[in-house]
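The values are calculated or read from the model by the stated rules, or taken from the named source; none is laboratory data. Keep in mind the model is a prediction, meaning the values are calculated, not measured. Here Cβ is always computed from backbone atoms with ideal geometry, including for glycine, and neighbour counts include all displayed protein chains.
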Amino acid sequence: MADLTAIVGDTVRTERGRILGGLLRLYGSLDAAEEAFQEAALAALQAWRDQVPSNPGAWLMTAARNSAQDARRRRSLAEAKAPLLVEDDVDSRDTVDTVSDDYLRLIFTCCHPELSIDNQIALTLKVVAGFSTEEIARAFVCSEATVAQRILRARQTLVEKRIGYAIPERDDLAGRVSAVHAARADMLERSGGDPRPDLERALSLATNEAERRLIERRLRDRLARTRRR
């Protein structure tokens, strides 16, 4: 059982950002995504007793989707979606591009400039990396109650300001990438320069992909201007 718990824990840490991002793309609610992910992790502890699936991440994603769909039916989310809105007609297929987009949307949402830097970091550590409130409190050198309040305020801000789960538009992308870099640097400083590998992986993926897209868009704009001459 100890080995199974470790396997599930490793899979949860490794796949958390990808799966949460995918669930947000499909269902549009951060709370619903986290609840479905937790349900899938608990289900894995039971279902994997006899045999661990060949692709644990895919198993978790499927289980989380099923849980989210069940919850959506129970709560009539089709008629009353949470304010993190997605398009009504969504494509549930996971391609390289959609998975990359999912990471970007998740990071950009957690590091939105409408949130204070402390709230950005607390939400990112909680949602993207799955840090416990106690772990985040140690990083901030503050009480767990303070961390819990920051996470709550961040969620409330996303709801009240109806901040969409989306990749920034072209004109805003450069500034938003800089904001993610600032949050990443702050987290590195708070962790003594040695963050948990899963968090560093998620942040690196997000910032590197965002920068790649920013460069591509600038090149396309430059090419378009050259053709108009």
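Give me the pairs, please: first residue somewhere in the range 47-69 and loosely packed, with under 14 Cβ neighbours inside 10 Å, second residue anywhere and assigned to a loop (DSSP other than H, G, I, E, B), beta-carbon distance under 9 Å, and either six or more positions apart or on two chains.
Close Cβ pairs (under 9 Å, with a partner that is assigned to a loop (DSSP other than H, G, I, E, B)) amount to Arg49/Met1; Ala58/Asp94.
Give me the residue from the range 170-185 that is in contact (Cβ under 8 Å) with a residue 60 or more places away in the chain and surrounded by fewer than 16 Cβ atoms within 10 Å (Cβ to Cβ) and, out of that set, nearest to the chain's Cα centre (by Cα).
Here the residue is Ala182.
Residues are listed down the side, and each one gets a yes or a no for (1) at pLDDT below 75; (2) basic (Lys, Arg); (3) surrounded by fewer than 19 Cβ atoms within 10 Å (Cβ to Cβ):
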| position | (1), (2), (3) |
| --- | --- |
| Lys126 | no, yes, no |
| Ser132 | no, no, yes |
| Thr157 | no, no, yes |
| Pro168 | no, no, no |
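With the requirement that a residue be at pLDDT 90 or above and in a helix (DSSP H, G or I), what does the range 135-155 give you?
Glu144, Ala145, Thr146, Val147, Ala148, Gln149, Arg150, Ile151, Leu152, Arg153, Ala154, Arg155
The rows are residues; the columns are (1) surrounded by fewer than 16 Cβ atoms within 10 Å (Cβ to Cβ); (2) free of Cβ contacts under 8 Å to residues at least 60 places away in the same chain.
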{"site": "Thr5", "(1), (2)": "yes, yes"}
{"site": "Val12", "(1), (2)": "no, no"}
{"site": "Ile19", "(1), (2)": "no, yes"}
{"site": "Tyr27", "(1), (2)": "no, yes"}
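In the range 55-75, is there at least one residue being at pLDDT 85 or above and assigned to a loop (DSSP other than H, G, I, E, B)?
Yes, that holds for at least one residue.
Please specify each residue of the range 36-70 satisfying the condition of being within 20 Å of the chain's Cα centre (by Cα) and more than 13 Å from Ile19 (Cα to Cα).
Leu42, Gln69
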